[in-house]
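Below: the structure, in structure tokens.
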Amino acid sequence: MKFTTPRRIVGSNAERTRLHNRQVVLGHVREQQPVGRAELARISGLSTQAVSNIIAELAEDGFLVEAGRQVAGRGLPALQYRLNGDGAAALGIEVRPDAMFGALVNLEGETLFTTRVALSDNSPATVAHVARAISAGAVSGHISGQQLLGAGVVMPGPFGNVGISGAGQSVLQGWEGVDSVALFEEALGMAVIVENDATAAAVAERVRGVASGLRTFCFVYFGAGLGLGVMADGEVQRGAFGNAGEIGHVVMTPGGRPCACGNKGCLETYASRIAARAQLALAGIAVNSASDIEQLYEAGDPHLMAWLDEAAGPLSQAIGMIENLFDPETVILGGAMPDAVLDHLISALSLPGGSVAVRPGRDTPRVLRGACGRLTAALGGAALVIHDAVTPRIAERT
Ligand SMILES: [Zn+2]
């Protein structure tokens, strides 16, 4: 599948400047609300007249509402504004090999609707059809179509024709050469951002999970395979082709278990749902969902416990490597694994002592479990759209 960067900037210089200023004002309102015009002009560096025009436009579009008046010195108390949470919403859709998840999130980050649809196949035609149905279900009874800012579609990488494309059960079949952004924009009739699942999960944790307040952290994402989302100083790291963070295909045990990518001893062959499924299959146990794994865990299944013990070693080494590469405030584990299993895995880790993360006065643990559950990537897709709507890009630099 082709990876088309979502950061398309179109239009004339004046139009780009207008959009940029609008995002600046929205971003400041989100951080400072309730806030008045004079204060917005001061922190944004825009003229009071420019801010007034933008506020009028945003209020007309339903993004802002008045929030009373505040006395500040002499004269008429200043009119305050805040985000209109219900004024707009974004759709997040996660595509996994065997299922799709949908989440509708409003401007203030509240979840309005969620859904899961099992997939019989993951061809582009089927996925586009299911995406359309998820979108219709999300809009129906929750918001009007006009209020939808767009959709963030989240898919497992890698994107493009690279050395590990088509690597077994963790990738989608039949997507080679498909322009995924165009496919979903056509199917959904709205602007679409396509992002890899681990990166979207990192965004979700920053917006509403355990990473709120953190600027630099990593997210180890359990999808079918294993991905890594990297947030550095508040910005997601995508790599040149959208493929940064393919941690699942980093060799942790040289000469170890064969992987579908052609390597031997990839992390994914030890610590992932694929690995758990393969180990359990050897014992004649079929696992089709996170719920199946949860039931086995609650029953104390010895085969699952043996897999957890085995997975902890290579995962510990990988986390040590991630720490030394990115110097994050913390490493988060999350995604399509039950919370109890992730907690068990974290308690079983034996993190290397030789790591830049070992330092006195840490105020965040080296490893945390994500707080957004199995919808984390779908929520992240929606969060990316909202983030794009309220965060200025470097658009005025032409
Ligand atoms: Zn591999």
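The values are calculated or read from the model by the stated rules, or taken from the named source; none is laboratory data. As the structure is a computational prediction, the values presented were derived from the model and not from experiment. Here the Cβ positions follow ideal geometry from the backbone for every residue, glycine too, while neighbour counts run over all protein chains shown. Only protein heavy atoms, including side chains, enter the accessible area calculation; ligands, DNA and RNA are left aside. Shrake-Rupley method; radii C 1.70, N 1.55, O 1.52, S 1.80 Å.
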ask   = Among the residues of the range 269-289, is there at least one that is within 28 Å of Gly381 (Cα to Cα), of a type outside the set (Gly, Ala, Ser) and more than 16 Å from the ligand (Cβ to nearest atom)?
value = yes
inquiry  = Among the residues of the range 261-290, what is the count of those that are in contact with a strand residue (DSSP E or B) (Cβ under 9 Å, 6 or more places away or on another chain), surrounded by 15 or more Cβ atoms within 10 Å (Cβ to Cβ) and either outside the structural domain of Phe222 (by TED's automatic domain parsing) or over 23 Å from His344 (Cβ atoms) (or both)?
reply    = 2
request  = Report yes if some residue within the range 290-313 is under 22 Å from Arg96 (Cα atoms), within 16 Å of the ligand (Cβ to nearest atom), without any contact (Cβ under 8 Å) to a residue 24 or more places away in the chain and out of contact with any helix residue (DSSP H, G or I) (no Cβ under 7 Å at 6 or more places or on another chain); otherwise report no.
outcome  = no
task = Among the numbered conditions (1) away from the ligand (no atom under 16 Å from the Cβ); (2) out of contact with any Leu (no Cβ under 9 Å at 6 or more places or on another chain), tell me where Gly262 comes up short.
result = (1)
key: Subset of the range 245-262 (residues that are in contact (Cβ under 8 Å) with a residue 40 or more places away in the chain and assigned to a loop (DSSP other than H, G, I, E, B))   = Gly245, Glu246, Val250, Met252, Thr253, Cys259, Ala260, Cys261, Gly262
note = Of the residues in the range 246-259, those that are near the ligand (Cβ under 9 Å from one of its atoms), open to solvent by less than 40 Å² (accessible area, probe 1.4 Å) and in contact with a Gly (Cβ under 7 Å, 6 or more places away or on another chain) come to Gly248
ask   = Looking at (1) touching a strand residue (DSSP E or B) at 6+ places or on another chain (Cβ under 9 Å); (2) modelled with pLDDT of 95 or more; (3) in a helix (DSSP H, G or I); (4) crowded, with 23+ Cβ neighbours inside 10 Å, which is the only condition Trp307 fails?
value = (1)
task = Quickly run through the range 113-128 and pick out the residues that are of a type in the set (Lys, Arg) and open to solvent by less than 60 Å² (accessible area, probe 1.4 Å).
result = none
